[in-house]
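Working notes, beginning with the structure itself.
The values are calculated or read from the model by the stated rules, or taken from the named source; none is laboratory data. Nothing here was measured: the structure is a model prediction, and the numbers come from that model. Please note: Cβ atoms are built from the backbone with ideal geometry, for glycine as well, and neighbour counts cover all protein chains shown.
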Amino acid sequence: MRRPCSPVAVALAVTVTGAALLGAAPGAAMAQPAPPPPPVVTPDTSHCPHRMAPPPAVADAAPEPGTAGPASLPLPDEPVGGERMGECGTVLPAGAPPPPVGITAASWLIADLDTGEVLAAKDPHGRHRPASTIKLLTALVAVETLPLDRVVTTTRVDADIEGSSAGIGPGGRYTVRQLLAGLLLVSGNDTAHALARTIGGQPTTLAAMNARARELGATDTRAGTPSGLDVPGMSSSAYDMALIFREVLRTPALARLLATPEVTFPGYRDHSRYLLGNQNRLLATYEGALGGKTGFTDDARHTFLGAAERDGHRLVAVLMRAEQKPTRTWEQAARLLDYGFALEPGTDVGRLVTGPPEPEPATTTPPPAQDDLAAGRSPSGGADPASSSPDSAGTGTGTVIGSLLAGTAVLAGVLALLLRTRRDPRS
């Protein structure tokens, strides 16, 4: 007597038979292998395409139709940091091995934060949009200008700024230190706006940021927003961001925040407090990591800074205009750091400067012709600005120049006072 088949046996038989029939059927659907990962594309910058300005904008960094964007920043007479910093391709020490594979950045740089040596680079002064890495400069100006324990009441305008957010709310009360945590750990555009408003408004903050960049020797950098949101004319470079980051790490309060895995962030009104986790994955995965900063916009693409210490050396790796596929930017930075730590000591391709380029020697300008003065023209041939003002009637040339110089001195003094008021107490 034959025993009845169990349900499991029947199901197995049906499955096997069906599989056999499918295999025998012509044109039957077969499982396809996963597509290969996209090839790593490293932009060719050997012909210096970004010497003067970032790549053309596709989104927010484009000027309004019918208007011209701000003029490009002037180029220094000599490359800042040494002759080889003017090269636009890969810049390596003599006899050094090839750089690591899988680096997608159009521009990158590895530097020793203590000696100032630039160990290797690719198009170090290529100008690119910094995205949120410019928040490092915002933080530097904020901590040099505002008391860390000052309480800021945030507004609806602060909270509604587009893009990444720390979650501040209207009517919330936060210390400057807490706003800096939101700025650096989770790249809050809302906290960037609140800090800029507290410093004195966005124009004042941007003026201070750009003055500080010039003071550091960052000649490729022009901040257009305190958050890194794109606007026409904004630019920086891998070299400049290394300069700025070095100064940030010299500021104890900021260095501590960059190395903090998470903080408890206050709520507002009936919203409870919550944790903010550091978005820099390098901090949690790379031995000796000191911190860094992420960034992304459609026009900037991905930007990243990361620093680490090993055997008494602190290195920084900077990537500008990178892609996250097939390798994430923090992993690319880790490869660059490994490469830098493995290089022979004393081999460098440039230096991180400690201040702005030396000014050109003053030249003597011949006195203007009397015909020019009588016609109200400046020595260059254009209209004399003073001649168009009602207050300039009967004013001699020497008095006009003296007034302009006096006004410039006053403005410079005010700006210097703003920047240095908080320069000493940085913790």
**Item:** Single residue of I168, I161, I199 found to be at pLDDT 95 or above, surrounded by fewer than 24 Cβ atoms within 10 Å (Cβ to Cβ) and closer than 24 Å to H271 by Cβ
**Value:** I161
**Request:** Using the structure shown, decide if R177 is in contact with a Ser or Thr (Cβ under 7 Å, 6 or more places away or on another chain) and either of a type outside the set (V, I, T) or within 19 Å of D230 (Cα to Cα) (or both).
**Result:** no
**Asked** Do we have L73 as among the aliphatic types (A, V, I, L, M), in contact (Cβ under 8 Å) with a residue 24 or more places away in the chain and either in contact with a Pro (Cβ under 9 Å, 6 or more places away or on another chain) or not in a loop (DSSP other than H, G, I, E, B) (or both) here?
**Response** no
**Message:** Filter the stretch 49-61 down to the residues that are at pLDDT 95 or above and farther than 12 Å from R321 by Cβ and list them by number.
**Reply:** R51, M52, A53
**Prompt:** From the set of residues in the stretch 148-171 that are outside any loop (DSSP other than H, G, I, E, B) and of a type in the set (A, V, I, L, M, F, W, C), which is farthest from the chain's Cα centre (by Cα)?
**Reply:** V151
**Complete:** Contact list, first residue from the stretch 131-154 and surrounded by fewer than 21 Cβ atoms within 10 Å (Cβ to Cβ), second anywhere and part of a loop (DSSP other than H, G, I, E, B) and among the small types (G, A, S), beta-carbon distance below 9 Å, six or more apart or interchain, is L148/S427; V152/G172; T153/G171; T153/G172
**Message:** On the basis of being farther than 30 Å from P98 by Cβ, touching a residue at least 40 places away in the same chain (Cβ under 8 Å) and either touching a Pro at 6+ places or on another chain (Cβ under 9 Å) or of a type in the set (F, W, Y) (or both), does T205 make the cut?
**Reply:** yes
**Qualifying residue in the stretch 132-147 (condition: assigned to a loop (DSSP other than H, G, I, E, B), hydrophobic (A, V, I, L, M, F, W, C) and more than 17 Å from the chain's Cα centre (by Cα))** = yes
**Request:** Among the residues of the stretch 119-131, write down those that are under 18 Å from the mean Cα position of the chain (by Cα) and farther than 23 Å from L254 by Cα.
**Result:** A121, K122, D123, P124, H125, G126, R127, H128
**Complete:** Restricting attention to the stretch 315-336, the residues that are closer than 14 Å to F296 by Cβ, not in a strand (DSSP E or B) and not polar (S, T, N, Q) number exactly 4
